[in-house]
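Colleague: Dropping the structure in here first, questions after.
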Amino acid sequence: EARPLVEEGLRGSREILGDRHPDTMASINIMASLLMKMGELQEARPLLEEGLRGRRETLGDRHPITLESIISMASLLKKMGELQEARLLSDDVMRVMKETLGDRHP
């Protein structure tokens, strides 16, 4: 029921704002999250990859929103059974968070 609405919103964001606008990238992640919840993991993956690529290009690798995208990708990979790739991404996020926030951050 939600899928057509989210797809329409993503299409509109792409057309009006462009692919690298923060709102479009948020819409990409919303669509990917919905697909993951629906069990459509293969369909969600290219969207998460696109969103992560866009956030890395526009925000950088250490930005909190980029890190959230990496966590989402790791979660997807884990659900797909790609445990080694998921672990590598999770380890990268933890390393960056420790470097940025320190060991004592809650």
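Colleague: Using θ = phi - 60° and the Karplus curve 6.51 cos²θ - 1.76 cosθ + 1.60, what whole-Hz ³J(HN,Hα) does each residue of segment 41-46 get, with Gly and Pro shown as x?
Modeller: Couplings: 5, 5, 6, 6, 4, x Hz.
Colleague: Per q in 0.15 1/Å, what log10 I(q)/I(0) does a Debye calculation on the alpha-carbon atoms of the chain return?
Modeller: Values returned for q = 0.15 Å⁻¹ are -0.64.
Colleague: Then there is this: Tally Lys/Arg at +1 and Asp/Glu at -1 over every other residue whose Cβ is under 13 Å from the Cβ of ARG3; what's the total?
Modeller: -3
Colleague: What trypsin sites (Lys or Arg not before Pro) in segment 27-67 are in a loop by DSSP, with at most 14 other Cβ atoms within 10 Å of the Cβ? Don't skip to the end; give the middle numbers.
Modeller: Details: sites: LYS37, ARG53, ARG55, ARG56, ARG62; in loops: ARG62.
For trypsin sites (Lys or Arg not before Pro) across segment 27-67 that sit outside H, G, I, E and B with at most 14 neighbouring Cβ atoms in 10 Å, the list reads ARG62.
Colleague: Same structure again: Just subtract the alpha-carbon distance of GLN42 and MET97 from 0.36 nm times their residue separation and send over the number in nm, one decimal.
Modeller: Taking 0.36 nm per residue and subtracting the Cα distance, the gain is 16.9 nm.
Colleague: Still on this structure: Would you be so kind as to identify which of VAL96, ILE16, ILE30 lies farthest towards the positive end of the dipole of the chain, taking Lys and Arg as +1 and Asp and Glu as -1 on Cβ and the Cα centre as origin?
Modeller: VAL96
Colleague: Let's see if you can work this out: charge +1 on each Lys and Arg Cβ, -1 on each Asp and Glu Cβ, no other charges. What is the dipole magnitude of the chain about its Cα centre, in debye to the nearest 20?
Modeller: 280
Colleague: Can you compute the modelled spin-label distance between ARG56 and LYS79, with each label point 7 Å from Cα toward Cβ, in nm?
Modeller: About 2.1 nm separates the two model spin labels.
Colleague: Check the straight Cα-Cα distances from LYS98 and name the lysines below 26 Å, setting aside those fewer than 8 residues away within the same chain.
Modeller: Result set, ordered by chain and number: LYS78, LYS79.
Here, each number is a calculation from the coordinates, and none is a lab measurement. The structure presented is a predicted model; accordingly, all values stated were derived computationally and were not measured. All Cβ positions, glycine included, derive from the backbone under ideal geometry; neighbour counts span all protein chains shown.
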